[in-house]
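Single-structure report; data block below.
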Amino acid sequence: METTTITSMAPVLAGAVARSHAGEILQGAVRRADGIHRLLFSLPAPTLWTKAELIATPGRALTVDPPWAKKTLSAAQLLLRRLGSPEPEAVIQLTTNIPLAKGCGSSTTDILATLRAILRYRRITIAEEELARLIVEVEKASDGSILSRPAIFRHREGLVERYLPGPLPNVHVIVIDAQPSEIVPTEPMQRARYSEEQLGAFDVLIGRLTRAFGLGSPSDFGAVATASARISQHFLPKPHLEEVIALVRQEGGYGVGVAHSGTIVSAMLPPQCLAESDARVCGAVRELGMEVVTEFELGLGAQQEVAA
Amino acid sequence: MTSSFLEHGFELVPRPVRLRTNLFAIAFFLMKLVPAAFMLRRAKEEGLIDSQTVIIETSSGNFGMGLALECHRLGMRFVLVTDPAVAPVWRRRLTDLGTTVSMVETTAGDGNVQNARLARLEQEMRRHPNHYVPGQYNNLANRLAYSSVAERIADDIGHVDVLVAATGSGASGCGTAGFLRVLNPDLRFIAVDTHNSVLFGQPNGPRSLRGLGNSKHPANLDHTAVDDVHWVQGPVAFQAMRRLYREHRLYQGPTSGASFLVADDYARKHPDQIVVFLCPDHGERYPDLYDQEWLRRNGLHVPVTPADPHEVDSPLAASGDWDCFQWCRRPYGEVTGEPLIRPEVKA
């Protein structure tokens, strides 16, 4: 209680927000001349975010609140070292609404918000690709949320595989937790081992995703999500996935994405979809024992900014 | 996309062409360059070949040319076992690329020439101890190569209901259909064969349509991927090939003609479905088959093409100019009652 009072009165040195994602539209790997590369395209979730504030604590070393966010602290220290900056006497105060260990990239988003806050504090900008690689150093993986343009991202390398030729297609997304009582920690998870056929399949999904962005086509976007979700069933199966796919199809929706390291399932319906349509999908998934986490509109004309 | 025109000096990426609202051709100059490049790349990655390895293959068709081009690019020696059906012009094109053409003597018009070629292949393998035989019929990499073609289709065309492909090794059709089914598991794959080809249960015999069909069973043909089979006779395919050019400006080879015949018919009867067919090679190699007088002199001209395929209830009943059969993704043995004798697929 006392701490709260002190920090709330103490000066905020800098702050930044990072937005998260609701699982993946595409996750897999491709074979290139120099070997196999894992890659993904995450479904941006404008309603899920972390705010990081750097709050002065004179006389005390750099810390993080909550204190268990140790990787965030390591990432902050690494960035400061790279910048040749001394560590500020401050606490990194994290505020987030991202569900933990569900596959929404909460940890990466915390780090990203923190790094942005530090850069702002130091009044320095660095290329987002560089920021991505820094996160990979700390996290062993990252996602494309860092990038200001949609891109298929080599998440283990922190590199862009391919920028996509346009803005996100316009869709209404219902983010669902398919297993509310399950926690899927990212790190100890076995990496998917893809067959040669699956590696080839991801070439095809990349082709279709490129088309989706080139045309702004939500149906192509949704088709990729569903296909990738079905491949993911071999590695981290979601209960009732086919039922959710059928529900979405009945409402004229485009497809279903999943978190490849989590329990999240994202249903993609037409933009500004009918309230009844939305209610039917939400009601049906709740009957399957699932929870609705958040909903939002993506793409052209959608309200991207959410108060944070 | 796995490789570029810039690198290969020859297209690896096909040209998708819209013929009608729901009918698309995937036109290649030389489709077989796609698996040739992919198979050599994979063999290199797996340490199966080095710069001294002699590539040996038996082919009288486009796969030989694909390997010749790719071996030239990679600076590798290539021995092609082939038969006298290969035209002198084609042979010169191969030798100009440094290919050693190992020609068998037999002039048999039917499948027996394949045995002579296999015997010669064994000889060449003994002559060159450091060799690698890609083996288009049984090498899984041949099928896997078509992910790049499916990628192109997924990007340029999007949703596909039906794929029509001429079948010889089975790799292009089964590969492309398999990869497209990741996005649409209900995709209908129509295999195009010719009479007297054993692929779908016909007896082996002489065939006037080359570039598809087979006298042996290749491991790359997955019968359980096939929804329908069409058998098209050479003369009908040659007329369809000419029609593809006259109606749509696509100057392609006879297997493209056979596939166009089938795809065009299906697309007209199913206007709500997106139909895609593969055109494996360009027409330049076949001046005679475009020459109506030559076709007449050689008894390969049909004045009237059948308007519809004749549906048969068993592969053995296919005996017309153009027959079709609902294969329904069944194993070979279940359809024909005969065991399927063939090599294992080489992964």
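At a temperature of 20 °C and a viscosity of 1.002 mPa s, determine how fast chain B diffuses translationally according to Stokes-Einstein, using the Kirkwood radius over alpha-carbon pairs as Rh; express D in µm²/s, rounded to the nearest whole number. So the translational diffusion coefficient is about 106 µm²/s. Across region A:1-117, the relative contact order, built from alpha-carbon pairs under 8 Å that are at least six residues apart, equals 34 percent.
Close amide H partners of A:Glu161, meaning residues 5 or more places away or on another chain with modelled amide H under 5 Å apart, are A:Ile152, A:Phe153, A:Arg154. Each Lys or Arg adds one and each Asp or Glu takes one away; over the other residues whose Cβ falls under 10 Å from the Cβ of B:Leu67, this sums to -1. For chain A, a Gaussian network of Cα nodes joined below 10 Å ranks A:Leu83, A:Leu134, A:Leu40 by mean-square fluctuation, and the top entry is A:Leu83. Of all DSSP bridge pairs formed entirely within chain B, close to 30 percent run antiparallel. With protein chains left intact and a 1.4 Å probe, residues in chain B average 40 Å² of accessible area per residue.
Label positions at B:Asp288 and A:Ala246, each projected 7 Å from the Cα along the C-beta direction, are separated by 5.8 nm. When chain B is treated as a Gaussian network with alpha carbon springs shorter than 10 Å, the biggest mean-square fluctuation among B:Val229, B:Val276, B:Val113 belongs to B:Val113. Segment B:Asp186..B:Arg91, full-extension length gain: 30.0 nm, with 0.36 nm per residue of separation and the alpha-carbon distance subtracted. With the whole protein complex present, B:Met103 retains an accessible surface near 40 Å², based on a 1.4 Å probe. Quick one: compute a quarter of the convex hull surface over the Cα atoms of region A:66-159 and quote it in nm². Value for region A:66-159: 6.1 nm². Of the solvent-accessible surface of region B:186-332, computed with a 1.4 Å probe over protein heavy atoms with every protein chain present, carbon and sulfur atoms account for 47 percent. Convex hull volume per residue, computed on the Cα atoms of region B:212-311, equals 134 Å³. Summarised in one figure, the compactness ratio Rg/Rh of region A:165-298, Cα atoms and Kirkwood Rh, is 0.97. In this structure, the pairs whose alpha-carbon distance is over 25 Å, taken from A:Lys140/B:Lys346; B:Lys44/B:Lys216; A:Lys71/A:Lys102, are A:Lys140/B:Lys346; B:Lys44/B:Lys216. Pairing chain B with chain A buries about 1700 Å² of accessible area. This figure sums both sides and uses a 1.4 Å probe.
In this label model, A:Val12 and B:Thr21 are separated by 5.7 nm, measuring between points 7 Å along each Cα→Cβ vector. The value of relative contact order for chain A, using C-alpha pairs under 8 Å at least six residues apart, is 22 percent. The Cα-based radius of gyration and maximum Cα-Cα distance (Dmax) for chain A are 19.7, 61 Å. Cross-link partners for A:Lys70 among the aspartates and glutamates, with Cα-Cα distance under 18 Å and sequence neighbours closer than 8 places in the same chain left out: A:Glu53, A:Glu87, A:Glu89, A:Asp110, A:Glu137, A:Glu139, A:Glu187. Share of carbon and sulfur in the accessible area of region A:165-298 stands at 51%, probe radius 1.4 Å. The Cβ shell under 14 Å around A:Tyr163 holds other residues with a net charge of 0, Lys and Arg each +1, Asp and Glu each -1.
The values are calculated or read from the model by the stated rules, or taken from the named source; none is laboratory data. Predicted model, so just to flag it, every value in this text is computed and none were measured. Please note: Cβ atoms are built from the backbone with ideal geometry, for glycine as well, and neighbour counts cover all protein chains shown. Areas reflect the complete protein model, heavy atoms only, side chains present, ligands, DNA and RNA absent. Shrake-Rupley method; radii C 1.70, N 1.55, O 1.52, S 1.80 Å.
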